[in-house]
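Notes follow once the structure below has been shown.
The values are calculated or read from the model by the stated rules, or taken from the named source; none is laboratory data. The model shown is predicted, which means the values in this text are computed figures rather than measured ones. Cβ placement follows ideal geometry from the backbone for every residue including glycine, while neighbour counts extend to all protein chains displayed. For accessibility, only protein heavy atoms count, side chains too; no ligands or nucleic acids. Shrake-Rupley method; radii C 1.70, N 1.55, O 1.52, S 1.80 Å.
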Amino acid sequence: RIGTDASTDVHDIDLLPNGNYLVAKSTYRRGIDFSAFGGPVDASSLDVDVQVVTPANEVVGHWKSADHIAFSEAGRWWAELTSGAAPLASDVSHWNAAAVDGKFMYLSFRNADAIYKVNRKTGRVVWKLGGTTTPRSLELVNGPADGYPLGGQHDVHVLPDKAITVFNNRTDLAGSQPRAQRFRIDEDAGTAKIIGTIRNERVGETFCCGSAQMLPSKEWLVSWGNSGLTGAYDEAGRPLFRLDLDILWSYRANAVPDGVVSALRLRKAMNFMNR
């Protein structure tokens, strides 16, 4: 088991090439004045500490959202975060996914509407895609008219050509149909460009969850979040198969090559998780 205490964030875990794991831990700051955003003057902020952990549960690396993401980056989400209906009024960034590529990691923060590329060795934010504008923000050259490249997104992957894929929920935005998208990043120019989009007409909206993975064959595997639908598509978006789950939630779908995991081993692992 990795990260077994109650503060472990369950959204994601990545196995690194050296056998360590990338996980995250929930942390809190108390006595925070959120009045500038319409919140209370004495509040708590829920943050995340992205950690590198050995198989023996020794923490050997940290990246703390509190050191890099300003409260103002919650942007449009402050209306919800300060409402009486908000489940966690202080969850100002809400980390939900990570992808590791060499010395870099790509972190998805739902309540920032943004993906951050981070140097794992220095902690420096290399660029930010989506959300409020910061000095590290990329310019999306072909984005939607509402100015939101991402909206409450879940899941991020890095492709061999350094493009990234994202499940873009488009939560509470005009034309809010979710989509799987591929972005080409030009770091020298400071720009991003959408180079692929997959939609499913059966899915009107997904306020939570979902994933989008482009395989080496250029085919897509997409979990459509809380719709309970998962599908595979060719590069042009034509459906290859559909899986309807008789449950409300599908958080993420991962393609597993033949022979990597047997049915018996999978059952044992699931039983261990739920014992």
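A few notes on this one:
For (1) open to solvent by less than 60 Å² (accessible area, probe 1.4 Å); (2) basic (Lys, Arg); (3) touching a residue at least 24 places away in the same chain (Cβ under 8 Å), each residue gets a yes or a no:
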{"residue": "130", "(1), (2), (3)": "yes, no, no"}
{"residue": "151", "(1), (2), (3)": "yes, no, yes"}
{"residue": "174", "(1), (2), (3)": "no, no, yes"}
{"residue": "197", "(1), (2), (3)": "yes, no, yes"}
{"residue": "208", "(1), (2), (3)": "yes, no, yes"}
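- Of the residues screened, residue 175 is one that is among the small types (Gly, Ala, Ser) and more than 19 Å from the chain's Cα centre (by Cα).
- Residues in the stretch 245-265 that are free of Cβ contacts under 8 Å to residues at least 12 places away in the same chain and either open to solvent by less than 90 Å² (accessible area, probe 1.4 Å) or within 27 Å of residue 169 (Cα to Cα) (or both): 256, 257, 259, 260, 261, 262, 263.
- Listing of strands (runs of 3 or more DSSP E) fully contained in the stretch 1-114 that carry 3 or more residues being free of Cβ contacts under 8 Å to residues at least 40 places away in the same chain and in contact with an Asp or Glu (Cβ under 6 Å, 6 or more places away or on another chain): 21-32
- The selection criterion, being open to solvent by less than 100 Å² (accessible area, probe 1.4 Å), out of contact with any Cys (no Cβ under 8 Å at 6 or more places or on another chain) and not hydroxyl-bearing (Ser, Thr, Tyr), holds for residue 231.
- Any chance residue 220 is of a type in the set (Phe, Trp, Tyr), modelled with pLDDT of 90 or more and either touching a Gly at 6+ places or on another chain (Cβ under 8 Å) or more than 15 Å from residue 155 (Cβ to Cβ) (or both): yes
- Sole residue being over 21 Å from residue 144 (Cβ atoms), among the aliphatic types (A, V, I, L, M) and touching a Ser or Thr at 6+ places or on another chain (Cβ under 6 Å), chosen from 243, 229: 243
- The single condition from (1) open to solvent by 20 Å² or more (accessible area, probe 1.4 Å); (2) under 26 Å from residue 22 (Cα atoms) that residue 143 fails is (2).
- Any chance residue 150 is among the hydrophobic types (A, V, I, L, M, F, W, C), outside any strand (DSSP E or B) and within 22 Å of residue 209 (Cα to Cα): yes
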